[in-house]
1. Out of all the residues in segment 128-151, which are touching a residue at least 24 places away in the same chain (Cβ under 8 Å) and not aliphatic (A, V, I, L, M)?
2. Give me the pairs: first residue in segment 39-63 and closer than 23 Å to Cys85 by Cβ, second residue of a type in the set (D, E, K, R) and part of a helix (DSSP H, G or I), beta-carbon distance under 6 Å, and six or more apart or on different chains, which are they?
3. So which helices (runs of 4 or more DSSP H) are wholly in segment 1-99 and hold at least 1 residues that are among the basic types (Lys, Arg), at pLDDT 85 or above and surrounded by 15 or more Cβ atoms within 10 Å (Cβ to Cβ)?
4. Look through segment 101-113, keep the residues that are closer than 21 Å to His176 by Cα and either in contact (Cβ under 8 Å) with a residue 60 or more places away in the chain or of a type outside the set (Phe, Trp, Tyr) (or both), and return whichever of them is surrounded by the most Cβ atoms within 10 Å (Cβ to Cβ).
5. For segment 38-84, give me the residue count where each residue is among the hydrophobic types (A, V, I, L, M, F, W, C) and over 26 Å from Ala167 (Cα atoms).
6. Is at least one residue of segment 215-238 of a type in the set (S, T, N, Q), surrounded by 12 or more Cβ atoms within 10 Å (Cβ to Cβ), modelled with pLDDT under 75 and part of a helix (DSSP H, G or I)?
7. With the condition kept exactly as written, say whether any residue in segment 85-107 is touching a Gly at 6+ places or on another chain (Cβ under 9 Å), within 20 Å of Leu197 (Cβ to Cβ) and not basic (Lys, Arg).
8. Out of everything in segment 55-108 that is in contact with a Ser or Thr (Cβ under 6 Å, 6 or more places away or on another chain) and aliphatic (A, V, I, L, M), what residue ends up being nearest to Asp126 (Cα to Cα)?
Amino acid sequence: MTIFSFVHVAPVTGQLLAWCLGLNHHSGRVPWAEATVAAFWLAVAALRLRRCRAGDRALIPQGTAGDVEVLDGNEPVAYTLPGQCGRIVVSNGMLRALSGGEQEVLFSHERSHLRRRHDRFIHAVDLGVAVMPLLFPMKRFVRFATERWADEDAVRSVGDRRLVARALTRAALVQHGSIQPGMALAGLGVRARVDQLLAAPARPAVVRATLLITAGLTATVAASSSLQVHHLAMVAEQLCG
């Protein structure tokens, strides 16, 4: 509060904050219609959050972490289940469809999901969408970003971008567009991911700059959202009172 008061009375910045003098007023009671809508949406959001958490918990396996579960059958299946005890699930049908190098890509990709805990990013955006449905486009964006992250980890593991692109394409073809639970090798945006794998990789300086900008924006948004409404009211009253 002391810093805000100093900024408000400073010769240069004080004039810039003169616009907020009109904010110093007392609000009346909240109309019953607005209160009803707010209460209704809080109830709906709470229900959506509960369903979202229940759906995510249903995917978490039981047992030790890092296990690889091989399923019998010809159906091509390959995905990663989330959680601290997450595991890789792959079928014999998928293993027979891939060559030895492509199998290495598959396991490198899925181990990246486990090691990086990509399920946390997906779960966080799922909770956000449950409360604010307008954020739904972020759901696909974050899932695609985690798959690309795992693709690049697989490239670093096997050292061949074309091999990773070929494994991704073959896995998508043998799955015939079937929906896989959890985080799958060929689960989302296969064509765009293959194009990016075959394109020239970004320069390290560009990658570092992008990461720094993203981290800065994320920290700014997180810090801004942590301020509660009554804190903002106290700041306005201190500045304009």
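The values are calculated or read from the model by the stated rules, or taken from the named source; none is laboratory data. Please read all numbers here as calculations on a predicted model, not as lab measurements. All Cβ positions, even for glycine, are placed from backbone atoms using ideal geometry, and neighbour counts span all protein chains on display.
1. Within segment 128-151, Arg140, Arg143, Phe144, Thr146, Glu147, Arg148, Trp149, Asp151 qualify.
2. Filtered contacts from segment 39-63: Cys52/Asp126.
3. On the way: elements: 2-9, 11-16, 32-59, 92-97.
Here the list reads 32-59.
4. It comes out as His109.
5. 15
6. Yes; the residues of segment 215-238 include at least one that is of a type in the set (S, T, N, Q), surrounded by 12 or more Cβ atoms within 10 Å (Cβ to Cβ), modelled with pLDDT under 75 and part of a helix (DSSP H, G or I).
7. no
8. The qualifying residue nearest to Asp126 (Cα to Cα) is Ile88.
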